[in-house]
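Visitor: Okay, here's the structure, questions in a sec.
The values are calculated or read from the model by the stated rules, or taken from the named source; none is laboratory data. Not measured: the values here are computed from a predicted model. Backbone-built Cβ (ideal geometry, glycine too); neighbour counts: all protein chains shown.
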Amino acid sequence: MTDQRAFARYAFMGVIKCFASFRVNGQHYTHQPVLNLSAGGMLVWLDEPIKKFERGESLHDIQLELDSLANFQIEGQVVRLMPVRTALGCGVQFLDLPEQQADEIVRFLRHGVIV
């Protein structure tokens, strides 16, 4: 099967950890585990599913807690929800990410993470 993604992505497992903080519906969520990341978006793991978290929902002030990417302020939108028992996997597409920041994510994933 051919992968048809617009951006290469990196799955975080083992030693390397990535977390994100963001606002949804006026509530602030901090230190949420990121399962994978690309220049197009991320898959974030929510231990306590948010009842009002829906597809199409806007995420504001996304900050990645990962080395040189920590200073980014990113906007996003929920594009996928994957309930897993009492948790929720949430696919987020980045919106209007400046090309320079997208390039920095790609460069970080290519050179800073993947060895």
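Visitor: Could you check, for the range 3-15, whether at least one of its residues is in contact with a strand residue (DSSP E or B) (Cβ under 6 Å, 6 or more places away or on another chain), closer than 25 Å to His111 by Cβ, modelled with pLDDT of 75 or more and outside any loop (DSSP other than H, G, I, E, B)?
Guide: No, the range 3-15 has no match at all.
Visitor: Could you tell me whether the range 31-41 includes any residue that is loosely packed, with under 13 Cβ neighbours inside 10 Å and either of a type in the set (D, E, K, R) or assigned to a helix (DSSP H, G or I) (or both)?
Guide: no
Visitor: Quick check, is Leu66 closer than 20 Å to Phe108 by Cβ, modelled with pLDDT under 90 and touching a helix residue (DSSP H, G or I) at 6+ places or on another chain (Cβ under 8 Å)?
Guide: Here the answer is yes, as Leu66 does meet what is asked.
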